[in-house]
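The values are calculated or read from the model by the stated rules, or taken from the named source; none is laboratory data. Keep in mind that what you see is a predicted model, and the values were worked out from it rather than measured. For neighbour counting, all protein chains shown are included, and Cβ atoms are generated from backbone atoms with ideal geometry for every residue, glycine included. Heads up: the accessible areas ignore ligands, DNA and RNA and are worked out on the full protein's heavy atoms, side chains in. Shrake-Rupley method; radii C 1.70, N 1.55, O 1.52, S 1.80 Å.
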Amino acid sequence: MKALHIITGLGVGGAEQQLRLLLRHMPMRCDVLTLTNPGPVAEGLRADGVRVVHLGMRGNRDLGALPKLVRFIRRGQYDLVHTHLYRACLYGRLAARLAGVGTTVATEHSLGDHEIEGRPLTGGVRALYLASERLGAATVAVSDTVASRLEAWGVPAARVHVVPNGIEAVRFRFDEGVRRATRARTGLPERAFVVGGVGRLVPGKRFDVLVRAVAALPGAHLLLAGDGPERAALRLLAAELGAQSRIHLLGERDPLGDSADGRTPGIPALLAAMDVFVSPSKEEAFGLAVVEALAAGLPVLHVTCPAVDDLPAAQAPGARRIGPDTGELVAALRGQMEAGARRLPAPPVVRRYDIARSAGRLLDVYALALAAPVPGGGAGPRPGPGAVAPDPDLDPDPEPEPGSRSDGVPCPGGTGRGSAPDPAPQTPPATAGRCPLAGLDSAPAGNG
């Protein structure tokens, strides 16, 4: 069996890192195609021996990317296509259908109540998502919370399968020697009370609340790993609060370990250096960083974390849910500070979210999807392994086929199963019965 994973981008992010971890546990050959931004995770995948191809997509409305994607899939003779993140799901599902792949699976990594991948949910975004979802065989939700949101949108419950995110827990096992070394390398006093956070520096993560809370606690330090558009604003905020020497904005760090030269601590080493972990975000689809912190034996304060909140409290006794108010976070951190540094045993939730277990559940979804009737009726092609497909950018555009659009790719008329091809304008309006890619100006942009 040969599978293709299509993802919007491969910068540092939870969905991107989760894909890399999963592929380490997949028994079949898997290639990865990124629509945009072949960043650090692409480098990591290549180091793991995975073929990664960059499509070079220029934006949401770059419809010229669709025929490239169709040709790549068709020539690769994939048995299954698996899409990740919003834009990749829209383009990938349609391209797989047009390329004749009988089985397409999509994972919904980042669906909140009011946002998807950090951007506001609109009627257009929802309509596009539902239109493309019908082209696939199954949709994977990373938590029960996300599954409920998908079903509330109108995705049939029978098409939704929960495959939680996973971690390699052994990477996060606490080591006192690593703690001391990491504190020394990051300039932290050996006995300082250290608060930690991990994530993209975007408004939805609410790291400004965390900066304010730590600034209000004399002697406390903050280690914040991640990068994003809010970095300059957070640095300015720390200076305004007179806490710039205690707020450490570390930038992106490798979630799997230290840098190759050993000079830059990765996420496991940084967690060892912390005394308490905080996740102040009000919307999460899973909460992978919280699970990693629990694996490191840290007490955790979180506003929302479906990975923990969906389970009985006994699964994660070291995690405490708090409200979104800064004052409540300050009080909770003060209590931790007064109690002193402590390390906890890894709770049951860590074993529950083992990456090998998640990979096994995903393989079960693949088996169900491969056995299901192909959307549109009839049995879809199940090509055997073929020659390796060339980079799309090196593949010249073919002449348009009769009856197709000028870009050579017909657009299905209607969004339900079994719709017949119907020529459409290259940038049609977002109207029922038209191409699912219509109206992409309302879709999330960027890596998602």
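For segment 64-157, what % of the accessible area comes from carbon and sulfur atoms, probe 1.4 Å?
Carbon plus sulfur share of accessible area: 49 percent.
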| task | Output the relative contact order of segment 245-337, whole-number percent, from Cα pairs under 8 angstrom with separation of 6+ residues. | result | 20 percent
| request: Pull up all non-local amide H partners of HIS82: gap of 5 or more, or a different chain, and H-to-H distance under 5 Å with H placed in the peptide plane. | output: LEU4, HIS5, ILE6, VAL105
| query | Can you give the extra length, in nm with one decimal, that the chain gains between THR122 and ARG361 once fully stretched, where that is 0.36 nm per residue apart less the Cα-Cα distance? | reply | 82.9 nm
| note | With x for Gly and Pro, the residue-by-residue ³J(HN,Hα) of segment 197-208, computed from phi through the Karplus equation 6.51 cos²θ - 1.76 cosθ + 1.60 at θ = phi - 60° and given in whole Hz, is x, 9, x, 5, 7, 10, x, x, 7, 6, 6, 4
| Sorted by packing (mean other beta-carbon atoms within 10 Å per residue), highest first, where do 293-301, 360-368, 94-102 land? | 293-301, 94-102, 360-368
| field | Accessible area in square angstrom per residue, segment 282-354, 1.4 angstrom probe | value | 41 Å²
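For ASP175 and GLN244, calculate 0.36 nm times their separation in residues minus their Cα-Cα distance, and state this gained length in nm to one decimal.
Numbers: separation 69, 0.36 × 69 = 24.84 nm, distance 2.84 nm.
Working it through step by step, the gained length comes to 22.0 nm.
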| said: So for each of 219-226, 121-128 I average, over its residues, the number of other beta carbons within 10 Å; can you give me the resulting order with the highest mean first? | reply: 219-226, 121-128
| message | Need one word for segment 28-111: rounded, prolate or oblate. Basis is the Cα gyration tensor (sqrt eigenvalues a ≥ b ≥ c); a/c below 1.5 gives rounded, then a/b vs b/c decides. | response | rounded
| note | Per the 1/(1 + (r/R0)^6) rule, R0 = 30 Å and r from the Cβ atoms of ALA313 and HIS114, FRET efficiency to 0.05 is 0.70
| query | Taking all protein chains as present, what is the carbon and sulfur share of the accessible area of segment 216-332, in % to the nearest whole number, probe 1.4 Å? | reply | 51 percent
| request: Could you run the Karplus curve 6.51 cos²θ - 1.76 cosθ + 1.60 with θ = phi - 60° over segment 166-177 and give me ³J(HN,Hα) per residue in whole Hz, x for Gly and Pro? | output: x, 9, 9, 4, 4, 5, 9, 4, 5, 9, 4, x
| query | What order, most packed first, do the peptides 164-171, 4-11, 51-58 have when packing is the mean number of other Cβ atoms within 10 Å of each residue? | reply | 4-11, 164-171, 51-58
| Cα centroid of segment 132-156 to Cα centroid of segment 41-100, whole Å | 21 Å
| task | Report the net charge of residues surrounding VAL211, where surrounding means a beta-carbon distance below 12 angstrom and charges are Lys +1, Arg +1, Asp -1, Glu -1. | result | +3
| field | Solvent exposure of segment 78-199 as accessible area per residue, Å², 1.4 Å probe | value | 33 Å²
